[in-house]
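Student: Input: one structure, supplied below.
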Amino acid sequence: MTWLVERLVELRRHLDHLDEIRPKVVHAEALRRDLSLHNDVLFSLFTICQLVIDVAGELAARRGERFEDYLGAIRALAADPRFPASLVRGLEPLPGFRNVIAHEYVTLDLDRVVEALDRLDPVRRFLEVVRGIEAG
């Protein structure tokens, strides 16, 4: 498996996992009460964000493009016509959300985490576009 395919497999795995456990997360209180569920959701969301960033960065590097930060990696997707502007805009919050999970975990707004579970469609679309690119 190539580096990119490995990341796509992992991205699919975490998306599927969140779909599977989503019924347990009826509201933020479920995350407050169940530390295992809390950690499970946060880890998968963090991993999804990082995987999208990493794959976007890889695609930019393959085109010889440079970017300065995680958001730049996402925005670099716009240079490829296979990524519609609406999709890129839908992915732009991921680097910031990743940083919130990584650095503000004590004061993290769990309502925002629950909302994030319902906003994964851009990631699913991203996965499908990249799978098409990799399939050639």
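Quick note: the coordinates plus some simple rules give every number you see, no bench work behind them. The structure displayed is predicted, hence computed values, not measured ones. Here the Cβ is made from the backbone with ideal geometry for all residues, glycine too, and neighbour counts use every protein chain on show.
Student: Tell me the Kirkwood radius of segment 17-70: reciprocal of the mean inverse pair distance over distinct alpha-carbon atoms, in Å.
Tutor: Hydrodynamic radius (Kirkwood, Cα pairs) of segment 17-70 is 13.0 Å.
Student: Let me ask another. Near the amide H of Leu108, under 5 Å away, which other amide H atoms are found, from residues 5 or more places off or on another chain, if H is placed in the peptide plane?
Tutor: Amide H to amide H, under 5 Å and 5 or more residues apart or across chains, Leu108 pairs with nothing.
Student: Right, next: Quick one, could you list the DSSP H helices from the chain stretching 20 Å or more along their long axis (Cα atoms) with average Kyte-Doolittle hydropathy of 0.0 or above?
Tutor: TM-like helix candidates: 35-62.
Student: Let me ask something additional. For Arg119 and Leu37 in one chain, what is 0.36 nm times their gap in residues minus the Cα-Cα distance, to one decimal in nm?
Tutor: 27.7 nm
Student: Considering the Cα trace of the chain, what is its radius of gyration and what is Dmax, both in angstroms?
Tutor: That works out to 15.1, 47 Å for Rg and Dmax.
Student: While we're on this one: Counting each pair of different Cα atoms once, what's the Kirkwood radius of segment 40-95 in Å, rounded to one decimal?
Tutor: Every distinct Cα pair counted, the radius reaches 11.4 Å.
Student: Residues with amide H under 5 Å of Glu65's amide H, sequence separation 5 or more or different chain, H placed in the peptide plane at 1.01 Å from N; which?
Tutor: Distant-sequence amide H within range of Glu65: zero hits.
Student: Taking the Cα centroid of segment 37-66 and of segment 86-136, what is the distance between the two, rounded to the nearest whole Å?
Tutor: 8
Student: I want to check the label-to-label distance for Arg112 and Arg82. Put each point 7 Å from Cα in the C-beta direction and report it in nm to one decimal.
Tutor: 3.2
Student: Counting Lys and Arg as +1 and Asp and Glu as -1, what is the net charge of the other residues whose Cβ lies under 15 Å from the Cβ of Arg12?
Tutor: The answer is -4.
Student: Then there is this: For segment 36-121, build the charge dipole from Cβ charges (+1 Lys, Arg; -1 Asp, Glu) around the Cα centre, then report which of Gly90, Val100, Leu77 sits farthest towards its positive end.
Tutor: Going by the charge dipole, the pick is Leu77.
Student: So how do 7-15, 102-110 stack up, highest first, on mean other-Cβ count within 10 Å?
Tutor: 7-15, 102-110
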